[in-house]
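Asks: Mind looking over this structure? Questions follow.
We did not get these values from a lab; they are worked out from the coordinates using the rules stated. Keep in mind that this is a model prediction, so the values were computed, not measured. All Cβ positions, glycine included, derive from the backbone under ideal geometry; neighbour counts span all protein chains shown.
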Amino acid sequence: MPDTKGPRILVVDDNRQLRRLFALYLEGEGYVIVEADDGRTALEHCARECCDLMLLDLRMPGLDGHEVLARLRVNCPDLPVIVISGTGDVADVIAALRAGATDYLLKPVEDLAILLHAVKRALERADLLQENRRHREHLEQEVRERTAELTAANRELEELRRHLEQENEYLREEVGAVAPVSGMIGGSSVMLRLLHEIELVAPTGANVLISGESGTGKELVARAIHERSPRRERPLIKVNCASIPRELFESEFFGHIRGSFTGAVRDRVGRFQLADRGTLFLDEVGEIPLELQGKLLRVLQEGEFERVGEDHTRRVEVRIIAATNRNLLHEVEQGRFRRDLYFRLNVYPVAVPPLRERLEDVPTLAGHFLSLACRRLGVEPPPLRRKHVAQLQAYAWPGNVRELQNTMERAAITSRRGEVSFDLGAPPVATAAALHEAAAAGDVLTEQQLRDFERENTLRALTAAGWRITGEGGAAELMDLAPSTLSSRIKALGLKREEA
Ligand SMILES: Nc1ncnc2c1ncn2[C@@H]1O[C@H](COP(=O)(O)OP(=O)(O)OP(=O)(O)O)[C@@H](O)[C@H]1O
Ligand SMILES: [Mg+2]
């Protein structure tokens with residue numbers, strides 16, 4: 001039974017005696033020996049099963065040692081070969097070494113210990129080489145994998161960088177337009193109900209349709225919903241549908257590629273893509289042209305869209321918060337807004353009440369806006385006295401919270417010696433009409449209603465008299481009052497000519 005444990009050595013020599021000598025000696029040293037008496041047999045053997053080392057005679061009939069070496073280098077480049085030269089011709093040996101032989105011995109090999117030494121050295125070297133090669137292959141493989149990973153990561157980074165750049169550009173555009181998000185102020189029951197609704201719907205991811213008059217705080221509500229949602233780490237992107245020219249809607253929403261229309265000088269990401277995995281706030285949603293509503297519906301339903309000028313379909317996942325100060329259902333009935341789109345947007349309706357329906361909030365809001373404005377001006381906020389609050393609460397605020405904010409900013413600028421005053425618009429005609437109605441129905445009028453009525457009546461007289469107080473046809477005569485009484489009343493009511 002051959003010892004299969006030791007390294008296998010193929011001894012190739014046409015001299016049988018020498019072969020046997022080497023074989024017996026090396027077997028004694030624990031090697032497994034296979035013999036071949038010519039070059040062809042040696043190569044055939046190598047093709048069949050591998051060995052660890054070849055002892056190769058150079059001069060042989062048929063295929064000689066040089067031929068064998070040349071073919072081996074093609075098929076078994078790693079097999080260590082010790083050539084045994086009988087001629088002692090140096091050129092012969094050098095040629096063999098150049099052709100890839102590991103070592104050489106000269107015949108006659110009288111001291112077999114030299115053979116053993118050469119064999120051991122060649123095997124060791126082969127082991128080292130193999131180990132080296134394994135390491136190198138491993139390293140190369142690792143480098144390849146890392147390179148692939150890096151390339152993919154780089155590509156992703158590049159994509160991210162572009163995305164961020166575009167997001168930045170968008171944010172820069174927005175910075176001027178959007179006030180920093182301040183908390184929502186208001187403790188009235190309507191406001192508390194609204195806050196409760198915000199808390200309820202925010203985490204659900206459902207589309208929200210916010211309705212309310214201009215300046216009621218719809219945008220603030222949209223921001224509050226986004227900030228309380230799991231998407232808060234992702235962007236809230238705003239599109240003001242009222243300010244986009246009709247022909248640019250599609251590009252604004254979905255983006256375009258360079259050259260897709262005149263003026264498209266470079267690729268542009270649309271708002272939908274910017275808002276991916278975040279929230280898209282469609283302000284004034286009622287302004288979206290009918291012909292684009294179908295495409296909007298598609299992205300809401302399927303999450304798919306194409307950039308203008310491109311076939312490639314992109315996917316997004318976006319939560320929509322829309323706002324409108326129109327009656328959108330009425331728009332649907334008039335055929336100006338698609339019903340299916342309306343239902344997609346109106347999953348959860350939130351109505352922001354006008355300020356006149358929550359006058360309890362006026363003092364807090366007024367105080368808040370006044371101190372904000374004073375801080376900006378670097379002045380001490382003047383106190384808001386009861387009479388001021390009463391005056392502010394007597395007003396109907398057709399421009400809602402925004403009007404109150406503007407009023408307080410003006411008041412901060414015009415306040416003198418710590419005393420604040422307001423220039424409020426005239427109460428709407430509706431107030432007077434409502435008063436007439438209430439009076440006619442026999443209802444009791446409040447002090448406030450009477451004051452409003454007085455104010456309205458005085459304004460009417462002034463307007464009719466072209467703001468002339470004294471003389472024939474003057475306001476004092478019209479009201480059957482002494483001109484001085486009227487003058488002081490005008491002052492007390494804070495009436496000014498531009499209010500007429
Ligand atoms: N409850 C509130 N607390 C504090 N500030 C508020 C509140 N509501 C509104 N505001 C402020 O009033 C201003 C108008 O609000 P916002 O822009 O949200 O109104 P809007 O309903 O979106 O108005 P429009 O219909 O004109 O777009 C903003 O400066 C906002 O910060
Ligand atoms: Mg708004």
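Asks: Over the chain, what is the relative contact order in whole percent, taking alpha-carbon pairs under 8 Å and six or more residues apart?
Replies: 9 percent
Asks: Treating the beta-carbon of each Lys and Arg as +1 and of each Asp and Glu as -1, no other charges, what is the dipole magnitude of segment 189-353 about its Cα centre, to the nearest 20 debye?
Replies: The dipole magnitude comes to about 300 debye.
Asks: Could you give me the ³J(HN,Hα) list for segment 311-317, computed from phi with Karplus coefficients 6.51, -1.76, 1.60 and θ = phi - 60°, whole Hz, x at Gly and Pro?
Replies: Whole-Hz 3J(HN,Hα) from phi for segment 311-317: 8, 4, 8, 10, 10, 9, 9.
Asks: When the Karplus curve 6.51 cos²θ - 1.76 cosθ + 1.60 is applied with θ = phi - 60°, which whole-Hz ³J(HN,Hα) does each residue of segment 339-349 get, with x for Gly and Pro?
Replies: 5, 5, 5, 4, 5, 4, 7, 8, 5, 10, x
Asks: Which far-off residues, 5 or more places away or on another chain, put their amide H under 5 Å from the one on Val350, with H placed in the peptide plane?
Replies: Counting only residues 5 or more places away or on other chains, the set is Leu209, Ile210, Ser211.
Asks: With viscosity set to 1.567 mPa s and temperature to 4 °C, compute the Stokes-Einstein D of segment 189-353, Rh being the Kirkwood radius across alpha carbon pairs; µm²/s, no decimals.
Replies: Here the translational diffusion coefficient equals 80 µm²/s.
Asks: Next up: Which FRET efficiency, nearest 0.05, do Ile94 and Thr147 yield, Cβ-Cβ r, R0 45 Å? Walk me through the intermediate numbers first.
Replies: Numbers: r = 41 Å, r/R0 = 0.91.
Calculated transfer efficiency: 0.65.
Asks: So what J values fall out for segment 33-44 if you push phi through Karplus, 6.51 cos²θ - 1.76 cosθ + 1.60 with θ = phi - 60°, rounded to Hz, Gly and Pro as x?
Replies: 10, 10, 10, 9, 9, 8, x, 4, 4, 4, 5, 4
Asks: List every residue whose amide H lies under 5 Å from the amide H of Val11, counting only residues 5 or more places away in sequence or on a different chain, with H placed 1.01 Å from N in the peptide plane.
Replies: Answer set, sorted by chain and number: Val34, Glu35, Ala36, Leu55.
Asks: Moving to a separate point now. Under a point-charge model restricted to the Cβ atoms of Lys and Arg (+1) and Asp and Glu (-1), what is the dipole moment magnitude of the chain relative to its Cα centre, in debye to the nearest 20?
Replies: Roughly 2120 debye for the chain.
Asks: Along each principal axis of its Cα atoms, how long is the chain end to end? Whole angstroms, biggest number first, please.
Replies: Sorted from largest, the Cα extents of the chain read 151, 53, 45 Å.
Asks: State the number of lysine pairs found in the chain whose Cα atoms come within less than 27 Å, restricting to pairs 8 or more positions apart or on distinct chains.
Replies: 7
Asks: Between Asp267 and Thr364, with labels modelled 7 Å along Cα→Cβ, what's the label distance in nm to one decimal, could you check?
Replies: Reported label-point gap for Asp267 and Thr364 is 4.9 nm.
Asks: Under a 5 Å amide H to amide H cut-off, with H placed in plane at 1.01 Å, what residues pair with Ala264 once short-range neighbours are removed?
Replies: It is Gly259, by chain and number.
Asks: Angle between the Cα long axis of helix 483-493 and the longest principal axis of the chain, 0 to 90 degrees, nearest 10?
Replies: Between helix and principal axis, roughly 20 degrees.
Asks: Mind jotting down the three principal axis lengths of segment 354-425 based on Cα atoms? Whole angstrom, largest first.
Replies: 33, 22, 20
Asks: Additional query: Relative to the longest principal axis of the C-alpha atoms of the chain, give the angle of the C-alpha long axis of helix 65-75, reported between 0 and 90° and rounded to the nearest 10°.
Replies: Value to nearest ten degrees: 20.
Asks: So which GluC sites (Glu not before Pro) in segment 22-111 end up in coil per DSSP with only 11 or fewer other C-beta atoms within 10 Å?
Replies: Counting only loop positions with at most 11 other Cβ atoms within 10 Å, the GluC sites (Glu not before Pro) in segment 22-111 are Glu49, Glu110.
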